[in-house]
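Every read-out reported here was derived from the displayed coordinates using simple, explicitly stated rules and does not represent laboratory data. Being a predicted model, the structure only gives us computed values, none of them experimental. As a convention, Cβ positions derive from the backbone with ideal geometry for all residues, glycine included, and neighbour counts pool all protein chains shown.
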There are 2 protein chains.
Amino acid sequence: MFPYIFRYEISPHISVYLECNGVLHSSRSSFQKIEVVESLDFGRMLILDGVINLTERDESVYHEMLVHVPLFSHPDPLKILIVGGGDGGTAREVLKHEGIDRIQQVEIDREVIAVSKKYFPSLGLALDHPKVNVLVMDAIQYVREIEETFDIILVDSTDPVIGQSEGLFSVPFYRDCLNALTEQGILAAQVGDISFETDLVSAVFNKLKEVFPVVRVYLAPIPSYTLVPYSFAFCSKTIHPEMGLARLRRIGMSFQTRYYNPQIHQGAFALPEHLRKEFDK
Amino acid sequence: MFPYIFRYEISPHISVYLECNGVLHSSRSSFQKIEVVESLDFGRMLILDGVINLTERDESVYHEMLVHVPLFSHPDPLKILIVGGGDGGTAREVLKHEGIDRIQQVEIDREVIAVSKKYFPSLGLALDHPKVNVLVMDAIQYVREIEETFDIILVDSTDPVIGQSEGLFSVPFYRDCLNALTEQGILAAQVGDISFETDLVSAVFNKLKEVFPVVRVYLAPIPSYTLVPYSFAFCSKTIHPEMGLARLRRIGMSFQTRYYNPQIHQGAFALPEHLRKEFDK
């Protein structure tokens, strides 16, 4: 391995430079370039098409917030659909909820799964759990064609600016997801940097609002993605994120987390005043 | 002006690079090097001894959180002491609370005040307000010797690692502050990066806990300081930050903010689970 500096852009005028020990893996799948890089402060990192997809340091923030916010908001989540999420981190967090029946995972890139199982086994091996059914195909086609419904849909994709994920941020895809949700169903999705990519994030939320009766923004700091709290979408037909809080406080959490807790669940929906005016209309 | 790249360190292995248009001011006072730099994405920046002290983009987050969290937690804040804060941003936010009688500001470096009035007039000119009394002296000596008491003390200093501020993060200083607070008094202070400088921040909070009966951590994202939410301390003899919330929700805010609102006031005290275990013991 050769030491080097990995650089990621926050904006055209701001970059972060990370000192790294070297590259553990580099390959090109049918869909993207896949690299695994060892960094000093963020630990091992999965890089897709040059963009950090996850790091050992902060993947727990991302996966816990994508999963536990919707799952603890739902009164009884049984069937879960994960769109993307080939690294396995989202499935790992869903599996902490012992009450769930089944996880249907739809990932387009078989090689991401293989690389994660090898280099991030604490994430990737979750996909071998008997409750998880992994389908390697395009999730856009999958949700268009399925007849069954889910309690929770988790959109764990790459960013909307990156090629094959664009369709996962479109109104037709969101409509298919709405149709695939039960009456109390919830969709959660990672969206983007609300401060340095406001227009992009705003466009995604406007599309979600065309489709879902309830659309809420929530935030969590993921330093390997950007300098400011990163945004997620909470969407449903009727359920609000506050609804699960009382129950959660009563019964408590039956498993360990590194980032998520009931106070964080509530606090994540507190938007800065200038964003509240724009996004919580 | 010559375009250049300003670099700041998040850790020994992580740096942020900002594209800049050039340097507007550079001087050396008796205490520190003072620079004003024009950056593309953060706007104008005040740099003290090479460290970003404030930027136009996110100074409102810092100043609003340092000021409004304690002031809205107190039932009737009248007399305010600002330690440091020579740029004037803290005084500007305090002045939005119409009920206050007087601001006593103690700043050690006369030149910071002059530079701010010239290059950051929307902050610096607050110091010319008739309710503000600016004293140019060492605040450590000031709080040691004063006999009067304050409802709120705001410690708006440079970081503890930087020379002349070290004494502002010491037990003797905190004891003098406690003695200078009324029974319902509150001290708020900027502390540091709880994630990349955990040991330093932990040490400061341990000192505060030696002195104050109530010590709470609260967080806000200030991207020009670091990659993750930055920490502040809320300290008092009896008052908790939740106490002002009901009143604030009832009466509402009589002025505009960019970042702070009641939801943020509450959410800022939600600590990630791994930090809650360490800091909210």
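Some notes on this structure:
- DSSP-assigned coil residues among GluC sites (Glu not before Pro) in the stretch A:189-281, each with at most 12 further Cβ atoms within 10 Å: A:242
- Student exercise, the protein assembly as shown dipole from Lys, Arg, Asp, Glu Cβ charges, in Debye to nearest 20: 960 debye
- Selection from B:231, B:142, A:99 lying farthest towards where the dipole of the protein assembly as shown points positive, charges on Cβ: A:99
- Placing a label point 7 Å from Cα along the Cα-to-Cβ axis, residue B:209 is separated from the same position in the other copies by 4.4 nm, shortest listed first.
- Remark: the Cα gyration tensor places the protein assembly as shown in the prolate category, a/c being 1.5 or greater and a/b exceeding b/c.
- Around the Cα centre of the stretch B:174-242, unit charges on the Cβ atoms of Lys, Arg, Asp and Glu (plus for the first two, minus for the last two) sum to a dipole of about 140 debye.
- For the stretch B:59-279, share of DSSP beta bridges that run antiparallel, in % to the nearest 5: 40 percent
- Restraint check, B:79/B:237; B:79/B:207; B:209/B:277; A:209/A:237; A:96/A:131, Cα-Cα greater than 21 Å: B:79/B:207
- Beta bridges assigned by DSSP with both partners in the protein assembly as shown are antiparallel in approximately 65 percent of cases.
- A Gaussian network model of chain B, with springs between Cα atoms under 10 Å, assigns the largest mean-square fluctuation among B:48, B:208, B:18 to B:18.
- Against chain A, whose longest principal axis comes from its Cα atoms, helix A:110-119 is set at around 70 degrees.
- With a 10 Å cut-off around each Cβ of A:220-229, the average count of Cβ atoms from other chains is 5.
- For residue A:147, label point 7 Å along C-beta direction: distances to other copies, nm: 8.9
- Euclidean distance between Cα centres, the stretch A:208-281 to the stretch A:1-66, Å: 25 Å
- The long axis of helix A:198-211 is offset from the longest Cα principal axis of chain A by roughly 30 degrees.
- Stokes-Einstein diffusion coefficient of the stretch B:130-281, Kirkwood radius over Cα pairs, 25 °C, 0.890 mPa s, in µm²/s: 148 µm²/s
- Gyration tensor verdict on chain B (Cα atoms; rounded if a/c is under 1.5, prolate if a/b is larger than b/c, oblate otherwise): rounded
- Of A:216, A:57, A:28, the one that fluctuates the most in a GNM where chain A has Cα springs shorter than 10 Å: A:28
- Residue and whole-Å distance for the chain A Cβ lying nearest the axis of the A-onto-B rotation are A:267, 2.
- The charge dipole of chain A, taken about its Cα centre with unit charges on the Cβ of Lys, Arg, Asp and Glu (plus for the first two, minus for the last two), comes to roughly 540 debye.
- Listed residues A:83, A:204, A:69, most fluctuating in chain A (Gaussian network, C-alpha, under 10 Å): A:204
- Seen from every direction in turn and averaged, the convex hull around the alpha carbons of the stretch B:4-55 projects onto 3.6 nm².
- Between helix A:59-73 and chain A: long-axis angle, C-alpha atoms, 0 to 90°, nearest 10: 10 degrees
- Cβ-vector label at 7 Å, residue A:110, separations to other copies in nm: 7.6
- Residue among A:244, A:271, A:63 farthest towards the positive dipole end of chain A, charges placed on Cβ: A:244
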